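Q: Got a structure here, written out as structure tokens. Questions coming.
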Amino acid sequence: MGRYIVKRVFLAVVTIWLVATITFFLMFMIPGGPFLAEKSPSPATLEALNRKYGLDQPVIVQYKNYMLNLLKGELGESIKQRGRTVGDIISRGFKVSARVGGISILVSVLIGVPLGCVAALNRGKWLDNLIMVVATFGIAVPSFVISTVLMLIFSIKLDLLPTYGLTSWQHYIMPVIALSFYPTAYISRLMRTSMLDVLGQDYMRTAKAKGLSQFKMLFKHALRNAILPVVTYLGPLIAYTLTGSFVVEKIFTIPGLGNEFISSITGRDYTMIMGTTIFLASLVIIMNLVVDIAYKIIDPRIKLK
Amino acid sequence: MSHEHEKKPFSLHLDVSDFLPADKEEKQSLVVMRESVSFWRDGVRRFRKNKIAMASLIVIILIFIFSFILPSFYPYGYEQQIRGSENLRPMQYSEAELARIEAGEKVFPHILGTDNLGRDMTARLMMGSRISLLVGLVASVLVLIIGSIYGAIAGYFGGKVDLIMMRIVDIIYTVPDILIIILLMVTLKYPLQDLASNVPGFGWISDIGIGLISIFIVFSLLYWVGMARIVRGQILALKEQEYVTAARALGASHRRIIGKHLLTNCMGPLIVTTTLQIPSAIFTESFLSFIGIGVQAPMPSLGSMASNAIGGISTYPYRLFEPAIMISLIILSFNLLGDGLRDAFDPKLKN
């Protein structure tokens, strides 16, 4: 176990370093530095600005400086949003994104798992067919389609929900539905297959023969085993929620991290691009790591390699 | 003759009749009556029985006709801006067109309406679907080629080669793809533009479109790892088979063993994984175009059409629904087709 964790942590660190390096050099391939958009700065101002952010030095030196600062946990100051540190902007944006994303992940697990169980327990009946048809359609519809259709119906036609911002609980409804639609469908499909698999196992027959109640059989024996694939899906789910948030935050104008990421790229805000990419990448990589290790602990049948 | 006298059951004497050449009847009984069913025919037979998969195949063929053949017969182009026909509802005519109809002229209706620049939505939808299908097909072929060769080499040679190659795969696998894709899409734009306009012989880049080329590059850089893992797993099991040993004994080269014996024997998983790659590529492309960094205007894409529709969503909701329904239909039918192919050609992969 210890060796496995060490190996995975090492791999994660390498990946994060790789992402940081790739991002760093890709960024310098984008022509037009961060100051070109401003009202034609004089050459002297431009030089001063470049010197202030260390942009006048060779790329390799800049890379070295950045990596050293990164090790200290410093992400620098935003070039575009003067006077604010990247860490500051990220933590503010992430609080918003994490709230919306966290609620959506919770919603998709809390709805997807029961739906999958119900479908498996009613295998072949109309309820199973209905759930599976809805789930099959659910994984085919991109989140931007759901977001816009929801907005059209509930904000514009019915005027029930607010369209932008994130100030009251009503603001959360549409973004959360849009973000959790696909994962809910996916989880219910996953849950159904694994539940059917478990229900066919010998120990289920034994449990029934022992005279266990339906409730105990379902919750103590079936569910605990059937939920394992859902646990492995949590890693990709976090990555998906993050990606989905780029679109959903744009549509519902939520001041989250996804929005910051897109605008930093289009604005050539070098330090922000680096900061957000490293932060988001590390988040996904670490979450995947945690999920994988947790999975091995939960399921002792998995051999540690 | 010897078989006339009775044979003792436990006699050690050889029965001469056992050594006579077989007659015609005996030979006939050894001929297998049923024709041997090849891998392909067996799969196709199973696939045909699957109604959902067949239906999705038909839908896909119809979408192909709609987006590749129909545009050449359609009277409006996707870039064509018709003055005075802006913002028409489906099947609505502009005043100028109504006047022409009055005069006895035949005017082709705007079946799905027009957009704010007077471009026919049907023509744009055709072109947008074409882009989506192209992205899906080309990207998955690229993934197939890169992933299968890489995975086959890693699995076949094993040992240190495998270890290093698969470590690289592990790293790319954990990289959050969408972040790198967005970065690459923005960065690749400029060098490609430069290449297309300044270096002779690369003019084709602007013909296909810089956005599309970057999407292909990005997919071939990042998306092949899943395929490589699957192929490697298959090859690891297959390379222990006798026919590989036989081929090696006959002096076949590594290349020939991988290409002729190993890869052909994991066709099932290859086909299924490639097909299921198509909807995911289409999904990503529409996502990129929706946030404005995919296919460049004036080329329409289903994602950018949906994104453009948001501005006038309350007055012209159909402009959102048309690309939205199309993209969902394409993804749905490819998903179902992939599931059907998996059940037919690769029953082991089920669940």
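Q: Got a sec? How would A:PHE154, A:PHE144 order by Cβ neighbour count within 10 Å, fewest to most? Intermediate values should be presented prior to the final figure.
A: Values: A:PHE154 18, A:PHE144 27.
Fewest to most other Cβ atoms nearby, the residues stand as A:PHE154, A:PHE144.
Q: Net charge near B:ILE330, counting Lys/Arg +1 and Asp/Glu -1 over other residues with Cβ under 14 Å of its Cβ?
A: Summing Lys and Arg as +1 and Asp and Glu as -1 gives -1.
Q: Quote to one decimal, in nm, the extra length available between B:LYS160 and B:ILE313 on full extension: 0.36 nm per residue of separation minus the C-alpha distance between them. Working shown, then result.
A: On the way: separation 153, 0.36 × 153 = 55.08 nm, distance 5.72 nm.
Answer, rounded to one decimal: 49.4 nm.
Q: Further, regarding this structure: Given DSSP loops and a limit of at most 12 other Cβ atoms within 10 Å, what is the longest stretch of chain B that contains no such GluC sites (Glu not before Pro)?
A: On the way: sites that count: B:GLU6, B:GLU35, B:GLU105, B:GLU240.
Excluding the exposed sites themselves, the longest stretch runs over B:106-239.
Q: Kindly put B:LEU236, B:LEU88 in sequence by how many other C-beta atoms sit within 10 Å of each C-beta, fewest to most.
A: Ascending Cβ contact count within 10 Å gives the list B:LEU236, B:LEU88.
Q: Using a basic spin-label model with each label point 7 Å from the Cα along Cα→Cβ, how many nm lie between A:GLU74 and B:LYS49?
A: Reported label-point gap for A:GLU74 and B:LYS49 is 6.9 nm.
Q: Pull out a ≥ b ≥ c, the square roots of the eigenvalues of the alpha-carbon gyration tensor of the protein assembly as shown, then state rounded if a/c is under 1.5, prolate if not and a/b is larger than b/c, and oblate in the remaining case.
A: prolate
Q: Something else: For segment B:47-148, which trypsin sites (Lys or Arg not before Pro) are both in a DSSP coil and crowded by at most 12 other Cβ atoms within 10 Å? If you can, show how the numbers build up before the last one.
A: Numbers: sites: B:ARG48, B:LYS49, B:LYS51, B:ARG83, B:ARG100, B:LYS106, B:ARG119, B:ARG124, B:ARG130; in loops: B:ARG83, B:LYS106, B:ARG119.
Answer in residue order: B:ARG83, B:LYS106.
Q: Can you figure out the FRET efficiency of A:LYS210 with A:VAL133, using R₀ = 41 Å and their beta-carbon distance, to the nearest 0.05?
A: Taking R0 as 41 Å, the efficiency between A:LYS210 and A:VAL133 is 0.70.
Q: Per 0.36 nm of contour for each residue apart, how much would the distance between B:ALA237 and B:SER206 grow if the chain were fully extended, relative to their Cα-Cα spacing?
A: Gain on stretching B:ALA237 to B:SER206: 6.7 nm.
Q: Which value, to two decimals, describes the C-alpha radius of gyration of chain A once divided by 2.2 N^0.38 Å?
A: Numbers: Rg = 24.0 Å, N = 305, 2.2 N^0.38 = 19.3 Å.
Here the Cα radius of gyration is 1.24 times the empirical estimate.
Q: Please turn the phi angles of segment B:222-229 into ³J(HN,Hα) values with the Karplus equation 6.51 cos²θ - 1.76 cosθ + 1.60 (θ = phi - 60°), one per residue in order, whole Hz, x for glycine and proline.
A: Result, ordered by residue: 10, 8, 7, 5, x, 4, 4, 5 Hz.
Q: Then there is this: Within chain A, which is the longest segment that contains none of the GluC sites (Glu not before Pro) sitting in a DSSP loop with at most 14 other Cβ atoms within 10 Å? Numbers along the way, then the final one.
A: Numbers: sites that count: A:GLU38, A:GLU74.
The reported range is A:75-305.
Q: Please state, as a whole number in µm²/s, the translational diffusion coefficient that the Stokes-Einstein equation yields for segment A:100-266 at 10 °C and 1.306 mPa s, with Rh defined as the Kirkwood radius across alpha carbon pairs. Before the final figure, lay out each step's value.
A: On the way: Rh = 17.4 Å.
Estimated via Stokes-Einstein, D reaches 91 µm²/s.
Q: Sum up the charges of everything whose Cβ sits under 15 Å from the Cβ of A:LEU115, counting Lys and Arg as +1 and Asp and Glu as -1, but leave A:LEU115 out.
A: Working: positive: A:ARG123, A:LYS125, A:ARG189, A:ARG192; negative: A:ASP128.
Local net charge: +3.
Q: If we count chymotrypsin sites (Phe, Trp or Tyr not before Pro) as exposed when they sit in a DSSP loop and have at most 10 other beta carbons within 10 Å, what is the longest stretch of chain B that avoids them all? The partial results should precede the final answer.
A: On the way: sites that count: B:PHE10, B:PHE73.
The longest such stretch corresponds to B:74-351.
Values quoted throughout were computed directly from the atomic coordinates according to the rules given, and no laboratory measurement underlies them. Fair warning: this is a prediction, and the values are worked out from it, not measured in the lab. So basically every Cβ, Gly included, is an ideal-geometry build from the backbone, and we count neighbours across all protein chains shown.
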